[in-house]
1. From the square roots a ≥ b ≥ c of the eigenvalues of the alpha-carbon gyration tensor of region 282-394, which class results: rounded (a/c under 1.5), prolate (a/b over b/c), or oblate?
2. At a threshold of 8 angstrom on Cα-Cα distance, excluding pairs fewer than six apart, so keeping six or more, what relative contact order does region 1-93 reach in percent?
3. Using per-residue counts of other Cβ atoms within 10 Å, averaged over each peptide, order 42-54, 352-364, 83-95 from highest down.
4. At a 10 Å Cβ-Cβ cut-off, how would you order K239, K100, fewest neighbours first?
5. Sorted from largest down, give the three principal axis spans of the alpha carbons of region 48-176, whole angstrom values.
6. Over region 161-297, what is the relative contact order in percent, taking alpha-carbon pairs closer than 8 angstrom and at least six residues apart?
7. Bin width 10 Å, origin at 0, all Cα-Cα pairs of region 278-328: what percent of pairs per bin?
8. Positive end of the charge dipole of region 176-267 (Lys, Arg +1 and Asp, Glu -1 on Cβ, about the Cα centre): tell me which of Y192, L241, G204 has its Cα farthest that way.
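Every read-out reported here was derived from the displayed coordinates using simple, explicitly stated rules and does not represent laboratory data. Quick caveat: nothing in here was measured; it's all calculated off a predicted structure. Cβ coordinates were reconstructed from backbone atoms using ideal geometry, including for glycine residues, and neighbour counts include every protein chain displayed.
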Amino acid sequence: MSTYSRLPVTFERGAGAWLWDNAGKQYLDAISGVAVCGLGHAHPAVADAICAQARTLVHTSNLYGIAKQQQLGEQLTRLAGMDKAFFCNSGAEANEAAIKLARLYGHNKDISLPTVVVAEGSFHGRTLATLSATGSRKVQAGFEPLVRGFLRVAYNDLEALHNIAKNSSGVVAVLLEPVQGEGGVVIPDDDYLAGVRALCDQQGWLMMLDEVQTGMGRTGRWFGFQHSSVTPDVITLAKGLANGVPIGACLARGAAADIFKPGNHASTFGGNPLACSAALAVIATLEKNQLIARAAELGERMVTALRARLTQCDGAECKLTSGIRGRGLMIGIELDRPCGELVGKALERGLLINVTAERVVRLLPPLILSDAEADRIAETVAELVTDFARAEQA
Ligand SMILES: *Cc1c(COP(=O)(O)O)cnc(C)c1O
């Protein structure tokens with residue numbers, strides 16, 4: 001079905017940060033399948049794990065014990081400071097699990113119409129509950145009636161959240177991204193998550209963070225919340241978790257970890273041996289090669305280069321650039337006007353980028369970039385914005 005207006009290119013093979021199309025043309029990948037292939041393409045450790053597991057056991061269902069799922073749960077809860085994990089197959093499903101968990105938490109407290117607070121500009125997925133939680137009319141339009149039980153608040157606005165605490169009843173949880181991805185790489189103030197945590201503690205709300213895009217080292221820490229001083233009750237993961245093998249996870253700690261009882265939630269494929277083997281290989285590789293620290297270093301390198309070219313000059317390109325934001329390898333270059341055409345222009349030059357929220361060039365390159373590859377991405381993006389600015393001026 002025509003759910004995508006696709007770019008005119010088809011890739012045949014990849015290696016590291018590079019892709020080749022069916023005419024043999026080479027592209028540098030600064031989007032990683034939308035924050036999925038953090039280890040780049042065809043990573044040997046992941047390929048070996050998938051092959052070995054495929055030759056051993058692909059799937060048995062969650063009716064039985066799954067050793068690889070157990071191991072993955074232990075690794076993820078260790079890294080995130082959580083207690084338990086539920087596995088599914090995508091980001092939307094991970095958020096569905098979190099939303100169900102929050103509702104059940106409310107019903108267990110005799111709140112008959114539990115409400116989850118969500119943010120303007122957020123993105124949580126395309127299923128009915130997650131598109132209802134998403135703060136974008138474009139995602140929702142045409143799919144009403146929306147799922148009830150969400151209350152919207154401005155992002156990065158603690159006062160607005162405090163007003164909800166004062167004026168609304170039935171709130172059981174907040175669901176937020178630590179950095180808004182689709183919303184335009186929006187980074188909240190340093191004290192925002194700590195403020196959310198304090199209010200959640202005071203009100204008895206669950207603090208739930210959608211780490212589907214920010215997770216698995218992308219921001220220069222294992223998880224986005226680790227840039228703050230606090231730990232949420234629930235986090236959701238997917239995208240980068242298994243480098244392209246579909247998987248999602250909902251992690252929880254404390255009381256939140258014991259809300260689901262047998263029969264409350266399920267997934268046929270979720271956490272099967274194949275997907276979990278790939279995810280275990282991702283975690284082992286990120287740790288062995290110290291790629292989380294490397295993501296932080298690369299992100300700083302790229303943002304510094306981009307700022308030097310696009311904000312610290314008198315040229316048209318600097319007038320057009322209204323801000324450059326980055327947390328690790330989640331980088332947004334905000335322009336003062338819609339710039340979707342840059343995606344096609346970059347493609348012609350052999351670079352894969354993305355434009356989100358209409359005016360924000362978004363870069364989500366793999367964590368395995370060399371310095372030279374990082375410099376090349378920054379250089380090409382700066383050239384693209386410069387050419388765009390001059391054309392707009394003319
Ligand atoms: C991509 C994304 C999702 C949805 O993930 P799917 O795997 O496409 O369902 C949810 N939340 C955030 C923050 C995302 O970036």
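1. prolate
2. Relative contact order here is 15 percent.
3. 83-95, 352-364, 42-54
4. K100, K239
5. Taking max minus min along each principal axis of the Cα atoms, region 48-176 gives 55, 34, 28 Å.
6. 21 percent
7. Reading the bins upward from 0: 24, 33, 22, 15, 6.
8. It is L241, whose Cα lies furthest towards the positive end.
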